[in-house]
Amino acid sequence: MARPTPRCRFYLLTPPAIELPAFADRLAAALDAGDVGAVQLRLKPADDDIIARAAEFLRPVVQDRGVAFILNDRPDIAAKTGCDGAHIGAEDMSLAEAQRILGKDAIIGVTCKVSRHHAMEAAEQGASYVAFGAFFDSATRGVMAEADPEILEWWSQLMEVPSVAIGGITPENCGPLVKAGADFICASSGVWQHPEGPAAGVAAYNSAIDAASES
């Protein structure tokens, strides 16, 4: 039997490069425009000082709004800068090492791509969420679609750990992922490159999530 799931939420990725302090205002506008469950700071490539400086500057913007602030790849910098957690990829450090650095109360998400085995291992080892994708071609992340929405349905019927859908997701194509059981829809360019600005982008994703949830 499928587990009862709360409303799917939006998970916001930052652009791969940002300019401070101007970006903080754009981020605040995005967060004030609709429901956002988490923000992930994802700066690639960038040196440690740039990542730490951005995390320290943006963290209060996010956390003061009751939103989780997650750092991509670097649990060590996340711990030093007061982030709520970190997201680790398949090629990054182990989940156990990330847990050791951040502590048991931190949010730690794991990229699983299309690997059901990796996702189940991560869940059993205490991951806060697992991320599947890419579901569509993603210019931002330079990846091609390889995931099918069916993996989200399978996961929602089997596991309690939340799932995040990522990769080329727009307000126009997210509906099947919401219906399949994704707990979070993750996107970047659909917000930051929205022709009417990031606030309109967040609003568009939330409208699409609501429409898919109600249909």
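Bear in mind these aren't lab numbers, they're just calculated from the coordinates by the rules spelled out. Everything numeric in this text was worked out from a predicted model, so none of it was measured. Glycine gets a Cβ as well: all are built from the backbone with ideal geometry, and neighbour counts include every protein chain shown.
Observations on the structure shown:
- Counting beta carbons within 10 Å around each of H117, H87 and listing the fewest first gives the order H117, H87.
- Cβ-Cβ FRET estimate between E160 and A200, R0 fixed at 30 Å, reported to 0.05: 0.30
- Scanning residues 5 or more positions from R74 or on other chains, those with amide H under 5 Å from its amide H are H87, with H placed 1.01 Å from N in the peptide plane.
- Our estimate of slack between D32 and E97, defined as 0.36 nm per intervening residue step minus the Cα-Cα distance, is 20.0 nm.
- Integer Hz, Karplus 6.51/-1.76/1.60 couplings in order for the stretch 7-23, x for Gly and Pro: 4, 4, 10, 9, 10, 9, 9, 6, x, x, 9, 9, 10, 9, x, 4, 5
- Sequence-distant residues sharing a close amide H with A134 (under 5 Å, placed H): E146, A147
- 3J(HN,Hα) from dihedral phi, the stretch 117-127, Karplus parametrisation 6.51/-1.76/1.60, rounded to Hz, x for glycine, proline: 4, 4, 5, 5, 4, 4, 4, 5, 8, x, 4
- The ranking of Y205, Y129 from fewest to most other beta carbons within 10 Å of each one's beta carbon is Y129, Y205.
- Dipole in debye (nearest 20) - the stretch 13-69, about Cα centre, beta carbon charges: Lys, Arg +1; Asp, Glu -1: 140 debye
- Measuring between alpha carbons in the structure, the pairs from K113/K179; K44/K80; K80/K113; K80/K104 lying more than 25 angstrom apart are K80/K113.
- Summing Cβ point charges (Lys, Arg +1; Asp, Glu -1) relative to the Cα centre of the stretch 9-214 gives a dipole of roughly 220 debye.
- Our coupling estimate for the stretch 106-113, obtained by passing each phi through the Karplus curve with A = 6.51, B = -1.76, C = 1.60 and θ = phi - 60°, is 6, 7, 10, x, 10, 6, 10, 6 Hz, Gly and Pro reported as x.
- Taking label points 7 Å from Cα along the Cα-to-Cβ direction, T170 and Q193 give a separation of 1.0 nm.
- DSSP-defined beta bridges in the stretch 59-215 - what % are antiparallel, rounded to 5: 5 percent
- At most 13 other Cβ within 10 Å, DSSP loop - GluC sites (Glu not before Pro), the stretch 1-109: E19, E91
- The relative contact order of the chain comes to 22 percent, based on Cα pairs under 8 Å that sit 6 or more residues apart.
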